[in-house]
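Since the structure comes first, as structure tokens, the remarks are kept for the end.
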Amino acid sequence: MDHNDLTLRPISGPEELDLFGRLTYALDHELADDLAAGRRRPEWMWAAPRGGELVPFLLDSFDLEDVTVGARLLRTAMAKILPADVRPPVYHRMIPVDWREKAGARSVVEDRMAALDQTGVRLLAPPQNRLVFREIRDENEILGLMTRVLDGTLDAHSRADLTRMSARAAAIRHYEDELAHYRSPRDWWRVATLPDGTPVGFVTPARNDYHPVIGYLAVLPEHRGNGYIDDILAEGTRFLAAQDVPRIRAATDLGNVPMANAFRRAGYVDFERTITMSWP
């Protein structure tokens with residue numbers, strides 16, 4: 001796309017709101033009143049038309065059809081509007097609750113974030129870095145952690161196992177039936193600890209016979225309720241993403257609501273359900 005014929009400028013006034021609103025946004029209906037009340041000013045409302053056609057517009061209304069053009073427009077407008085020693089304002093946008101599940105809505109959000117990223121902006125709430133991650137030391141350590149997390153587990157398979165065997169035996173069975181057969185190296189697995197080295201939980205990013213997976217994800221009983229599940233899942237997800245995998249799969253019981261919610265918060269999308277039945 002040729003970007004040399006763009007005109008980067010603020011709108012002249014209320015008479016150009018139609019130009020400013022050609023790419024729709026949920027708050028477009030408020031713009032005229034905002035201008036009249038002084039909550040917005042024409043010189044703060046920039047657009048990048050090519051001829052008579054609008055490419056993007058910005059500030060809290062930042063809409064675009066091209067990521068590179070959007071980033072260029074944002075940099076140009078901020079350079080004109082903001083003094084050199086003034087920190088840019090926070091970018092704030094209303095988005096649908098289910099934006100990750102709908103391809104159109106997801107591309108709208110991610111394209112804008114990509115353009116903003118080119119200007120150096122970052123999410124207001126980045127990972128908190130409350131935890132330290134290290135490799136699992138050996139088989140005994142992972143079995144010990146798997147045994148401990150069965151205390152209060154919401155996983156239906158594990159709860160069923162605990163009616164027939166000890167927690168240690170259930171952990172060994174799970175390990176031998178699943179984790180031991182992963183095709184990926186065991187040094188992918190991570191223990192999450194507090195800065196002082198106290199274990200909080202663990203995650204086993206892996207490849208099974210079919211897909212890259214979050215094989216096991218857990219927080220130790222004494223550390224539940226602190227939101228650590230999000231940090232640990234993020235670490236496992238980042239690790240697999242760094243392997244340039246096409247997708248990452250994971251599974252949890254519907255009854256394990258905290259785990260299911262953690263996957264949703266991380267951007268995982270429900271794509272199928274499984275029914276499991278067993279004989280007594």
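Over the chain, Cα pairs under 8 Å with separation of 6+ residues give a relative contact order of 12 percent.
Legend: calculated FRET efficiency, Val109 to Asp33, from the Cβ-Cβ distance at R0 = 25 Å, rounded to 0.05, equals 0.45.
Peptides 233-244, 130-141 ranked from most to least packed, by the mean per-residue count of other Cβ atoms within 10 Å: 233-244, 130-141. What FRET efficiency comes out for Glu141 versus Glu272 if R0 is 35 angstrom and r is the Cβ-Cβ distance? Round to the nearest 0.05. Step by step, r from the Cβ atoms, then E = 0.60.
Please report, to two decimal places, log10 I(q)/I(0) for the stretch 94-168 at q = 0.12, 0.16, 0.24 Å⁻¹ as given by the Debye formula with identical point scatterers on the Cα atoms and no solvent. Rounded to two decimals, the profile gives -0.71, -0.81, -1.10. For the stretch 133-147 versus the stretch 203-259, the inter-centroid distance based on Cα atoms is 16 Å. Using a Förster radius of 51 Å, what is the FRET efficiency between Arg122 and Ala156 based on their Cβ-Cβ separation? Nearest 0.05, please. With a Förster radius of 51 Å, E is 0.85.
In percent, what relative contact order does the stretch 209-280 have, based on Cα pairs under 8 Å that are 6 or more apart in sequence? It rounds to 35 percent for the stretch 209-280.
Other residues with beta-carbon under 11 Å from the beta-carbon of Arg265 carry, at +1 per Lys or Arg and -1 per Asp or Glu, a net charge of +1.
The residues neighbouring Ala105, those whose beta-carbon lies less than 14 Å from its own, together hold a net charge of 0 under the Lys/Arg +1, Asp/Glu -1 convention.
Counted by Cβ distance under 10 Å from Leu179, the other residues give a net charge of -3, where Lys and Arg count +1 and Asp and Glu count -1. In this rough spin-label picture, where each label sits 7 Å from Cα along the Cβ direction, the Trp44-Glu178 distance is 5.2 nm. Considering only the Cα atoms of the stretch 236-280, their convex hull presents on average a projected area of 4.4 nm².
A 1.4 Å probe run over the chain, with the rest of the protein chains in place, finds 60 Å² accessible per residue.
Both radii are taken from the alpha-carbon atoms of the chain; with Rh as the Kirkwood radius, Rg/Rh is 1.11.
The values are calculated or read from the model by the stated rules, or taken from the named source; none is laboratory data. Predicted model, so just to flag it, every value in this text is computed and none were measured. Neighbour counts are summed over all protein chains in view; Cβ atoms, including those assigned to glycine, are modelled from backbone coordinates with ideal geometry. When the accessible area is computed, the model is the full protein with side chains, heavy atoms only, and any ligands, DNA or RNA have been set aside. Shrake-Rupley method; radii C 1.70, N 1.55, O 1.52, S 1.80 Å.
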